[in-house]
Amino acid sequence: MLSINNSTALNGLEGKIIKVEVDVSNGLPAFDLVGLPDISVKESRERVRSAIKNSGFDFPIKRITVNLAPADIKKEGSMYDLAIAIGILAATEQLDKAICSHYVFIGELSLNGSIRGIAGVLPSVLAAYENGLISVVVPLENADEAALSTKSEIFPVSSLKQLFSFLKGDTILLPHKVDLAKIPPSSNKSFVDLAQIKGQNLAKRALEVAAAGGHNILMIGSPGSGKTMLARCLPGIIPKMLFDESIETTKIYSLAGLLNSGLFSRRPFRSPHHSASAVSLVGGGKFPRPGEVSLSHNGILFLDEMPEFNKNCLEALRQPLEDGVISITRVHSSVTYPARFILVGACNPCPCKQQPWNGYTKAG
């Protein structure tokens, strides 16, 4: 028997619908998973098998073939566990295939059948809506995040048993909704109030101009003069984020696995250490992930002791500063992340007291 249901795949912040095709046929017992899966997806075979058995359902002792289509898109992560498990239950006629095909399933299974939260739920839900699928099943842990897509129907579940009962019609689950006005801000630390700083009138005026026009700024001063404290005041005087900006920033933090709860409603403030590599700054890896410039999107990127950063790191800031995006190309994929931020730099004067320390040669 063949069953087909839906999940999603992300390439950067862009998502596509993945058809999870499950065929259960007679033959020697086997569990084959095809469709360009990575190692974490292939490991889902053991999680799915144990979760189905430990939830009290029948796992077929037959030949099982799972195809994640289209097969030319690289699939990674544990988000396909739930879709594969539902596909097996539908292919063995324990669930109605027609009902299952109307939903998008996203979630990781534990061995006891409970469903764990994953990263990247919000961009996945938005991708499903853009492709015409509004009913999405997500882990209970990710319910509030997924419900930020107000036009989608979000069904949070905590276990495979609960989901099975819902799809069989034995349990009623109402779509999860959130009141955007009551969502607590994401746990982004509070900032210093500019009004509490005495003196430094010229520097404060410069910050006000930078905040008003979205300009980059470089502060030069001796150690202890308050450059870092002034920089941490900047988020407090920048206009609040619009809803669309909040959603875009939340998508980035969700994809990076850094979203604690709710909507990211405060402008981000990122301050990487000067020993950071170029990859950590602009993003990358075998399967590209957002870097500091993308995590600073719609906010501030603060480079303290700016001349101490590696030259390659500073050169890598050219594209995001000019275009507001960062393009990352690797062997397996090429992605583009938004990276429109205010760059705030701080450095000490040159030892000769005449010009900024350039980081490469000593003047004077």
Query raised in the report: Pick from region 224-265 the residues that are in contact with a Ser or Thr (Cβ under 6 Å, 6 or more places away or on another chain) and part of a helix (DSSP H, G or I): which of them is modelled with the lowest pLDDT?
Result: SER246
Query raised in the report: Just one of ILE134, ILE88 is touching a strand residue (DSSP E or B) at 6+ places or on another chain (Cβ under 9 Å), in contact (Cβ under 8 Å) with a residue 60 or more places away in the chain and over 12 Å from THR8 (Cβ atoms); which is it?
Result: ILE88
Query raised in the report: Does any residue of region 8-24 turn out to be in a loop (DSSP other than H, G, I, E, B) and small (Gly, Ala, Ser)?
Result: yes
Report task. Of all residues in region 227-254, count the ones that are of a type outside the set (Lys, Arg) and open to solvent by 30 Å² or more (accessible area, probe 1.4 Å). Result -> 10
Query raised in the report: Is one or more of the residues making up region 83-95 open to solvent by less than 30 Å² (accessible area, probe 1.4 Å), of a type outside the set (Phe, Trp, Tyr), more than 16 Å from ILE4 (Cα to Cα) and assigned to a loop (DSSP other than H, G, I, E, B)?
Result: no
Report summary line: Among residues of region 97-150 being among the hydrophobic types (A, V, I, L, M, F, W, C) and touching a Lys or Arg at 6+ places or on another chain (Cβ under 8 Å), the residue surrounded by the fewest Cβ atoms within 10 Å (Cβ to Cβ) is LEU111
Report task. Determine if region 181-191 includes at least one residue that is under 30 Å from CYS347 (Cβ atoms) and touching a helix residue (DSSP H, G or I) at 6+ places or on another chain (Cβ under 8 Å). Result -> yes
**Report entry** Among the residues listed as GLY107, GLY35, GLY56, the single one being among the small types (Gly, Ala, Ser), out of contact with any Phe, Trp or Tyr (no Cβ under 7 Å at 6 or more places or on another chain) and closer than 30 Å to LEU295 by Cα
**Finding:** GLY107
Query raised in the report: Does any residue in region 215-228 that is of a type in the set (S, T, N, Q) come within less than 9 Å, Cβ to Cβ, of a residue that is open to solvent by 60 Å² or more (accessible area, probe 1.4 Å) and modelled with pLDDT of 90 or more six or more places away or on a different chain, and which pairs are these?
Result: ASN216/LEU321
Query raised in the report: Applying the selection to region 82-136, what residues are within 22 Å of PRO60 (Cβ to Cβ), β-branched (Val, Ile, Thr) and under 22 Å from the mean Cα position of the chain (by Cα)?
Result: ILE115
Query - Members of region 269-321 found to be of a type in the set (Val, Ile, Thr) and in contact with a Cys (Cβ under 9 Å, 6 or more places away or on another chain), listed by number - result: VAL282
Query raised in the report: If a residue has to be exposed (fewer than 15 other Cβ atoms within 10 Å of the Cβ) and more than 16 Å from ASP38 (Cβ to Cβ) to count, how many in region 70-82 make the cut?
Result: 0
Report summary line: Taking region 32-60 and the residues there that are over 20 Å from PHE164 (Cβ atoms) and out of contact with any Leu (no Cβ under 9 Å at 6 or more places or on another chain), the one that is most open to solvent (accessible area, probe 1.4 Å) would be ILE39
Query raised in the report: Failed condition for PHE166, given (1) buried (at least 18 other Cβ atoms within 10 Å of the Cβ); (2) part of a helix (DSSP H, G or I); (3) modelled with pLDDT of 95 or more; (4) hydrophobic (A, V, I, L, M, F, W, C), with all others met?
Result: (1)
Query raised in the report: Does ALA98 fit the bill of being hydrophobic (A, V, I, L, M, F, W, C) and either touching a residue at least 24 places away in the same chain (Cβ under 8 Å) or touching a His at 6+ places or on another chain (Cβ under 8 Å) (or both)?
Result: no
Query raised in the report: Filtering region 266-313 down to residues that are assigned to a strand (DSSP E or B) and of a type in the set (D, E, K, R), which residue is least open to solvent (accessible area, probe 1.4 Å)?
Result: ARG270
Query - Selection within region 188-221 - within 26 Å of the chain's Cα centre (by Cα), open to solvent by less than 80 Å² (accessible area, probe 1.4 Å) and modelled with pLDDT under 85 - result: ASN188, PHE191
Requested in this report: Answer with yes or no whether LYS75 is touching a strand residue (DSSP E or B) at 6+ places or on another chain (Cβ under 7 Å), under 30 Å from GLY262 (Cβ atoms), at pLDDT below 95 and not aromatic (Phe, Trp, Tyr).
Outcome: yes
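The values are calculated or read from the model by the stated rules, or taken from the named source; none is laboratory data. A quick note: this is a predicted structure, and the numbers were derived from the prediction, not measured. Because the Cβ atoms are built from the backbone with ideal geometry, glycine has one as well, and the counts that use them run over all protein chains shown. Remember, those area values only see protein heavy atoms, side chains included, never the ligands or the DNA or RNA. Shrake-Rupley method; radii C 1.70, N 1.55, O 1.52, S 1.80 Å.
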